[in-house]
Protein chains: 2
Amino acid sequence: MDDTSNKIISTEHHFQGKVFNVRTDRVLLDIGFETNIDIVEHKPAVSIVPIDENDRIVMVRQYRHPSSRNLLEIPAGIIEDGEKPEKTALRELQEETGYTARNLRLMTGFWSSPGFTNEYMYAYIAKDLLESKLPQDEDEDISIEKIPLDQLERLIKFGEIEDAKSIACILMAKFLFNK
Amino acid sequence: MDDTSNKIISTEHHFQGKVFNVRTDRVLLDIGFETNIDIVEHKPAVSIVPIDENDRIVMVRQYRHPSSRNLLEIPAGIIEDGEKPEKTALRELQEETGYTARNLRLMTGFWSSPGFTNEYMYAYIAKDLLESKLPQDEDEDISIEKIPLDQLERLIKFGEIEDAKSIACILMAKFLFNK
């Protein structure tokens, strides 16, 4: 959906990092007054619900410094410049879980937190998994856990999965797309 | 879940804004090497699935500058300093939709995008809605749309709802908590 955009009067860049940049736009709003909006510029990303032949999801557990927690999540990662989202999905699946997939299906996409960041995420289901012969990513301290789809519902309900994309994608895969 | 945290060697603050701050931590990882991690510090927030007596969800549509889109979302907002999450939920529900609720239930909570931000969101179901006599927030250019829960599933499936928290919370409300 394309919309009329706010009129940007000026832009100030504050920070350039490896994963995100920060800028402030001075904008003239539709309703007639000016305001400053701070934005985290983040590259688009992918997330993947990998479903094995026993209807188990291949989850990843890793320490997340921003939340100071070990979180159980679906595999995900940032799209590199010029990379097609499907390629990112297969690359991240392989790097994080050691699997590749013969069957990759785009469910939909979503903004991670549209009040402050432009991070957009493409959400895939991966099936017909095969163990990959390529090495996993050694920079990442990740362990994998294969959990039946039905059991994941309980983990979501009882707060054991506390990651927005994982909750959204697992429930979409189970109730809207896995037919 | 509390975990052993990374050892933080030093911290540099880059940006202080109205909605978020940015810092870089120099950390010693468990696996033995040092790295820099950039973090968007964001206050915790709430989101609400308001369900009316006809099983319609009160959604809000608003222009989101970071994504340059008009997005259809559930009501949500940031917890003010010292505010209890339930109070934020009722306040944001009233400001954004004009309703208050006699029945508010915490579903669970989740991190919005734990790779780069500490934004955590408490997710509520609100029922027994009443039209509030308080004024709505005039700073926000928001319109409300009441959409049957069943129809929302189709809007998610066909990419008309592209917001992580909304997808996660609507599907949780429908399939895990609305019994």
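B:Glu41 fails exactly one of the following numbered conditions: (1) under 25 Å from B:Ile147 (Cα atoms); (2) in contact (Cβ under 8 Å) with a residue 40 or more places away in the chain. What is the number of that condition?
The one condition B:Glu41 does not meet is (1).
For residues that are among the polar types (S, T, N, Q) and more than 9 Å from chain A (Cβ to nearest Cβ), tally how many sit in the range B:16-33.
Residues in the range B:16-33 being among the polar types (S, T, N, Q) and more than 9 Å from chain A (Cβ to nearest Cβ): 2 in total.
Could you tell me whether A:Glu41 is at pLDDT 95 or above, touching a Ser or Thr at 6+ places or on another chain (Cβ under 9 Å) and facing another protein chain (nearest Cβ under 10 Å)?
yes
So, B:Ser132, is that one in contact with a Phe, Trp or Tyr (Cβ under 8 Å, 6 or more places away or on another chain), away from every other protein chain (no Cβ under 12 Å), surrounded by 15 or more Cβ atoms within 10 Å (Cβ to Cβ) and among the hydroxyl-bearing types (Ser, Thr, Tyr) or not?
Against the criterion (in contact with a Phe, Trp or Tyr (Cβ under 8 Å, 6 or more places away or on another chain), away from every other protein chain (no Cβ under 12 Å), surrounded by 15 or more Cβ atoms within 10 Å (Cβ to Cβ) and among the hydroxyl-bearing types (Ser, Thr, Tyr)), B:Ser132 qualifies.
Just the residues that are touching a Leu at 6+ places or on another chain (Cβ under 9 Å) and of a type in the set (D, E, K, R), please, taken from the range A:15-63.
Answer for the range A:15-63, where residues must be touching a Leu at 6+ places or on another chain (Cβ under 9 Å) and of a type in the set (D, E, K, R): A:Glu34, A:Asp52, A:Glu53, A:Asp55, A:Arg56, A:Arg61.
Within the bounds of the range A:78-101, is there any residue that is of a type outside the set (Val, Ile, Thr), over 28 Å from B:Val19 (Cα atoms), part of a strand (DSSP E or B) and away from chain B (no Cβ under 14 Å)?
The answer is yes, given that some residue of the range A:78-101 is of a type outside the set (Val, Ile, Thr), over 28 Å from B:Val19 (Cα atoms), part of a strand (DSSP E or B) and away from chain B (no Cβ under 14 Å).
In the range B:61-77, what count of residues is obtained for those that are over 20 Å from B:Leu106 (Cα atoms), touching a strand residue (DSSP E or B) at 6+ places or on another chain (Cβ under 7 Å) and not in a helix (DSSP H, G or I)?
So the count comes out to 7.
Which one is nearest to B:Val58 (Cα to Cα) among residues in the range B:91-115 that are aliphatic (A, V, I, L, M) and surrounded by fewer than 21 Cβ atoms within 10 Å (Cβ to Cβ)?
For the range B:91-115, the residue satisfying everything is B:Leu104.
Conditions tested, residue by residue: (1) aromatic (Phe, Trp, Tyr); (2) within 29 Å of A:Ile8 (Cβ to Cβ).
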site: B:Thr11; (1), (2): no, no
site: B:Phe20; (1), (2): yes, yes
site: B:Ile39; (1), (2): no, yes
site: B:Lys43; (1), (2): no, yes
site: B:Gln62; (1), (2): no, yes
site: B:Gly77; (1), (2): no, yes
site: B:Asn103; (1), (2): no, no
site: B:Thr108; (1), (2): no, no
site: B:Ser112; (1), (2): no, yes
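Out of B:Arg61, B:Arg26, I need the residue that is under 21 Å from the mean Cα position of the chain (by Cα), surrounded by fewer than 16 Cβ atoms within 10 Å (Cβ to Cβ) and modelled with pLDDT of 95 or more. Which one?
From the options B:Arg61, B:Arg26, the qualifying one is B:Arg61.
Filter the range B:1-57 for residues that are assigned to a strand (DSSP E or B), under 21 Å from B:Ser113 (Cβ atoms) and small (Gly, Ala, Ser) and give the result.
B:Ala45, B:Ser47
All but one of (1) crowded, with 19+ Cβ neighbours inside 10 Å; (2) more than 14 Å from the chain's Cα centre (by Cα); (3) touching a residue at least 40 places away in the same chain (Cβ under 8 Å) hold for A:Ser47; state the number of the condition that does not hold.
If we test A:Ser47 against (1) crowded, with 19+ Cβ neighbours inside 10 Å; (2) more than 14 Å from the chain's Cα centre (by Cα); (3) touching a residue at least 40 places away in the same chain (Cβ under 8 Å), just (2) comes out false.
Test each condition in (1) aromatic (Phe, Trp, Tyr); (2) at pLDDT 95 or above; (3) surrounded by fewer than 16 Cβ atoms within 10 Å (Cβ to Cβ) for B:Phe33 and report the one that comes out false.
(2)
Here are some residues: A:Phe116, A:Phe177. Which one is facing another protein chain (nearest Cβ under 8 Å) and within 30 Å of A:Asp38 (Cβ to Cβ)?
A:Phe116
The values are calculated or read from the model by the stated rules, or taken from the named source; none is laboratory data. These numbers were taken from a predicted model, which means no experiment stands behind them. Neighbour counts run over all protein chains shown; Cβ positions are idealised from the backbone, glycine included.
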